[in-house]
Amino acid sequence: MGLTIAQKIIKNHLVSGEMIQGSEISLKIDQTLTQDATGTMAYLEFETMGLKRVKTERSVAYIDHNTLQCGYENADDHRYIQTVAKKHGIYFSRPGNGICHQVHLERFGKPGKTLIGSDSHTPTGGGIGMLAFGAGGLDVAVAMGGGAYFITMPKMYKVNLTGKLSPFVTAKDVSLEILRILSVKGGVGAIIEWGGEGVKTLSVPERATITNMGTELGATTSIFPSDEITEEFLRAQGRAEDYIPLESDEDAVYDKIIDINLSELTPLIACPHSPDNVVEVSSLKGVKVNQVCVGSCTNSSLQDLLKVAALLKGKKISDDVSMSVSPGSKQVLQMLTKCGALNDIIASGARILECACGPCIGMGFSPNSAGVSLRTFNRNFLGRSGTKDAGVYLVSPETAVAAAIFGEITDPRLLGKEAEIKMPKVFDIDDSAVIAPASEFEAENLEVLRGPNIKPFPETKPLCNEIDVTVGLKVGDNITTDHIMPAGAKILLYRSNIPFLSKFCFSVVDEKFSERALELKSSVIVGGDNYGQGSSREHAALVPLYLGVKAVIAKSFARIHVANLINAGIIPLTFKNASDYEDILQGDKLSLKDLFSGFENGEVTLVNQTSGKEFKLSCSFTDRQIKILKAGGLLAYTKESN
């Protein structure tokens with residue numbers, strides 16, 4: 001039996017376990033990346049482990065999230081990350097150099113290599129044939145120290161592409177189409193491989209858009225073959241030596257095969273407040289638009305923005321629309337400037353924002369109250385834009401331009417002739433904004449600088465065999481990490497200060513939760529299906545840990561969040577019977593009995609002391625995960641192991 005692309009990379013990096021679906025395996029990690037919203041905590045964890053030097057082939061620290069320096073907090077975090085990177089062997093990408101996934105694709109990613117990043121959209125690297133995973137900061141810290149990365153051996157899905165995209169239909173529409181087919185939880189537990197003859201019609205930036213959005217499916221990761229198109233991209237980046245061919249075997253076996261004819265796709269749009277709430281753009285014709293944002297790690301490549309510039313050339317955006325454009329990297333910005341395309345964008349009335357995540361994570365450019373915002377981003381969760389009552393839609397750059405010009409949602413095919421652009425054979429290379437680390441000898445005398453906003457990792461304690469808790473919060477289905485731990489300009493600057501950050505925990509859902517949890521001292525959260533979907537931010541586990549949350553009981557969980565909960569020492573449990581969810585109310589007193597034997601048997605007993613009812617909860621922990629939970633989290637377990 002042949003192997004898929006992902007299985008080949010897994011086989012070459014397997015440290016422990018067997019490639020049996022559903023069993024735990026561990027992988028050697030070649031590269032890591034962090035960004036500043038998660039990086040400060042990841043490096044604090046790395047230091048706490050007592051590790052002197054990273055052991056990966058390449059680790060890069062990016063500054064792309066908290067780039068607004070309204071006070072000292074963000075600047076202090078950036079200084080801390082730069083100094084800790086210099087000392088411990090990590091490359092440092094300065095603020096303004098670009099979004100981590102765009103820059104990593106351009107300058108560091110290699111086909112056939114493994115990558116984990118403390119950002120859920122790390123699978124963008126699958127666009128050049130990397131096996132790239134989003135992970136929590138603790139997992140990244142361990143990998144930087146040479147430790148293996150543990151996952152459950154995934155299922156293998158394949159999407160067969162045929163045909164060719166029609167004018168004004170884009171890779172973003174392919175992403176929205178697969179979300180329409182599978183939903184935001186349809187990829188859970190699976191790696192999605194993209195193949196078929198249609199793959200040859202897609203450039204690397206287009207492929208990267210698709211693997212980027214695979215995160216919204218809940219997929220473990222997504223991957224494309226590494227072929228002559230990959231080689232052409234790497235050659236243009238001056239990295240031809242990094243190319244290797246990589247494809248699946250003809251007799252590879254998949255758990256699910258999905259066929260998409262690119263020729264049949266039309267422009268699509270995801271409506272509020274979920275990436276899978278997808279309809280045809282033409283069905284919303286005439287809806288007034290207040291704001292348009294182009295950028296993010298999904299659609300900020302040179303190819304994307306050259307198309308935007310060509311469509312805007314000689315035109316003005318509507319008087320009623322505010323438009324922003326955020327180039328994905330310094331390289332993109334410089335090349336737009338050099339060819340005159342940037343001037344075409346500026347002349348249209350659009351605002352040019354920094355090469356950073358910006359509005360995608362609520363870092364400025366929030367819509368007006370009850371406003372309609374069309375964004376080329378990957379998420380439109382409630383409140384993520386910074387305006388809770390805004391209607392945020394996800395679209396392609398072409399659909400975004402059409403809305404900006406006409407002032408309403410418009411099928412981009414009405415723009416007329418498709419924009420003709422010519423991609424350069426060679427990209428401008430300037431890595432001066434990436435600072436190399438010091439040598440091991442030089443690093444001995446370097447000081448790591450910390451500001452007053454940087455606080456230690458939350459205290460953890462070994463787990464007791466039986467715990468009594470109160471239901472501090474009960475929530476419904478599809479609770480995202482943005483619900484649990486919101487982002488945005490007002491909050492992100494406290495990412496390294498868990499005590500202060502805790503004030504905002506679940507504020508989108510229940511503004512009193514943080515205060516209530518502190519009063520309870522020991523509590524549990526009850527959730528519905530797909531609890532914890534969205535970003536990899538481990539703060540969505542670390543902050544509840546600080547607030548005294550001992551367990552989360554849900555109908556089902558998102559992959560990365562389960563790992564983060566376990567790493568934090570919080571027990572993730574699922575209802576054995578989903579209907580039992582209805583019989584637990586906020587404020588109920590619960591007892592979790594005989595946890596240790598329950599972990600071994602896969603079933604924990606819960607007694608609702610308030611109602612007198614008894615329930616069975618399911619768990620499926622590996623021996624390693626049980627040890628982590630008993631120790632009080634991955635950090636404590638790692639210290640014990642060393």
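The GluC sites (Glu not before Pro) of the stretch 220-250 that meet both conditions, a loop assignment by DSSP and at most 13 other Cβ atoms within 10 Å of the site Cβ, are GLU250. Taking 1.306 mPa s as the viscosity and 10 °C as the temperature, the Stokes-Einstein diffusion coefficient of the stretch 268-415 based on its alpha-carbon Kirkwood radius rounds to 108 µm²/s. For the stretch 237-320, the fraction of C-alpha pairs more than 14 angstrom apart is 83%.
Calculated translational diffusion coefficient of the stretch 225-273 (20 °C, 1.002 mPa s; Stokes-Einstein with Kirkwood radius over alpha-carbon pairs) equals 147 µm²/s. When DSSP beta bridges are restricted to pairs lying wholly in the stretch 5-264, around 20% turn out antiparallel.
Cross-link reach is defined here as a Cα-Cα straight distance under 26 Å, omitting same-chain residues fewer than 8 places apart; for LYS422 the lysines meeting it are LYS110, LYS164, LYS172, LYS200, LYS307, LYS313, LYS315, LYS316, LYS330, LYS338.
In this Cβ point-charge picture (+1 for Lys and Arg, -1 for Asp and Glu), the chain has a dipole of about 860 debye about its Cα centre. Sorted ascending by nearby beta carbons within 10 Å, beginning with the fewest, CYS293, CYS100, CYS271 become CYS271, CYS293, CYS100. Listed values for the stretch 436-443 are Karplus-derived 3J(HN,Hα) couplings in whole Hz (6.51 cos²θ - 1.76 cosθ + 1.60, θ = phi - 60°), namely 6, x, 6, 5, 4, 5, 5, 5, and x replaces Gly and Pro.
Give me the percent of Cα-Cα pairs in the chain that sit more than 31 Å apart, rounded to a whole number. That fraction is 49 percent. Gap in Å between the Cα centre of the stretch 335-401 and the Cα centre of the stretch 610-636? Between the Cα centres of the stretch 610-636 and the stretch 335-401 lies a distance of 42 Å.
A convex hull fitted to the Cα coordinates of the stretch 5-264 yields 130 cubic angstrom per residue. Short-range pairs are left out: with C-alpha atoms under 8 Å and at least six residues apart, the relative contact order of the stretch 258-347 is 27 percent. Note on the chain: antiparallel DSSP beta bridges, both residues inside, total approximately 35 percent of the bridges counted. Taking a ≥ b ≥ c as the square roots of the eigenvalues of the Cα gyration tensor, an a/c ratio of 1.5 or more together with a/b no larger than b/c marks the stretch 186-331 as oblate. Classify the stretch 492-565 as rounded, prolate or oblate from the Cα gyration tensor: take a ≥ b ≥ c as the square roots of its eigenvalues, call it rounded if a/c is under 1.5, otherwise prolate when a/b beats b/c and oblate if not. Taking the square roots of the gyration eigenvalues as a ≥ b ≥ c, the stretch 492-565 is oblate. Could you pull out every one of the lysines with an alpha carbon less than 22 Å from that of LYS490, ignoring same-chain neighbours closer than 8 positions? Candidates past the 8-residue exclusion: LYS388, LYS455, LYS503, LYS512. Would you list, by chain and number, the aspartates and glutamates whose Cα falls below 12 Å from the Cα of LYS256, excluding same-chain residues fewer than 8 positions away? Cα-Cα hits under 12 Å: GLU193. Compared with the alpha-carbon gap, the fully stretched path from ASP227 to ASP319 is longer by 28.6 nm at 0.36 nm per residue. Computed over the alpha carbons of the stretch 6-114, Rg followed by Dmax gives 16.0, 50 Å. Per-residue packing, averaged as other Cβ atoms within 10 Å, sorts the ranges 483-489, 4-10 into the order 483-489, 4-10, beginning with the highest. Taking 0.36 nm per residue of separation and subtracting the current Cα-Cα distance, fully stretching the chain between LEU68 and ILE467 would add 139.4 nm. Taking a ≥ b ≥ c as the square roots of the eigenvalues of the Cα gyration tensor, the stretch 112-253 is oblate, since a/c reaches 1.5 or more and a/b is not larger than b/c. Of the peptides 586-594, 470-478, the order by per-residue mean of other Cβ atoms within 10 Å, starting with the highest, comes out as 470-478, 586-594. Look at the dipole of the chain built from charges on Cβ: of SER641, ALA75, ASN608, the Cα furthest out on the positive end belongs to ALA75.
Rounded to the nearest angstrom and ordered from largest down, what semi-axes does the equivalent ellipsoid of the stretch 336-450 get from its C-alpha gyration tensor (root of 5λ)?
For the stretch 336-450, the ellipsoid semi-axes come out as 36, 24, 12 Å.
When the pairs LYS28/LYS555; LYS55/LYS113; LYS285/LYS417 are compared against a 21 Å limit on Cα-Cα distance, LYS28/LYS555 fall above it.
Arranged from highest to lowest average of other beta-carbon atoms within 10 Å per residue, in what order do the peptides 162-174, 435-447 appear? List each step's numbers first, then the result.
Numbers: 162-174: 21.3, 435-447: 12.3.
For the peptides 162-174, 435-447, the packing ranking is 162-174, 435-447.
Across the stretch 195-352, the mean sequence separation of Cα contacts (distance under 8 Å, 6 or more residues apart), normalised by length, yields a relative contact order of 17 percent. Note on MET423 and ARG79: their simple-model spin labels are 4.2 nm apart, each label 7 Å out from Cα toward Cβ. Each residue of the stretch 86-95 was assigned a 3J(HN,Hα) from its phi angle through the Karplus curve 6.51 cos²θ - 1.76 cosθ + 1.60 (θ = phi - 60°); the sequence is 4, 6, 9, x, 10, 6, 10, 8, 5, x Hz, with glycine and proline shown as x. Taking the three principal axes of the alpha carbon atoms in the stretch 121-184, the coordinate ranges are 47, 22, 20 Å, sorted in descending order.
Across all Cα pairs in the stretch 467-641, the calculated P(r) in 10 Å bins from zero up to the longest distance comes to 10, 41, 38, 10, 1 percent per bin.
Evaluating 6.51 cos²θ - 1.76 cosθ + 1.60 at θ = phi - 60° for every residue in the stretch 361-369, the Karplus couplings come out as 10, x, 8, x, 6, 6, x, 5, 4 Hz, glycine and proline recorded as x.
Distance between the pseudo-spin-label points of ASP259 and ALA240 (7 Å out from Cα toward the beta carbon): 3.9 nm. Charged side chains reduced to their Cβ positions (Lys and Arg at +1, Asp and Glu at -1) give the stretch 458-547 a dipole of some 300 debye around its Cα centre.
Quick note: the coordinates plus some simple rules give every number you see, no bench work behind them. Computed from a prediction, not measured in an experiment: that's the story for all the values here. Glycine gets a Cβ as well: all are built from the backbone with ideal geometry, and neighbour counts include every protein chain shown.
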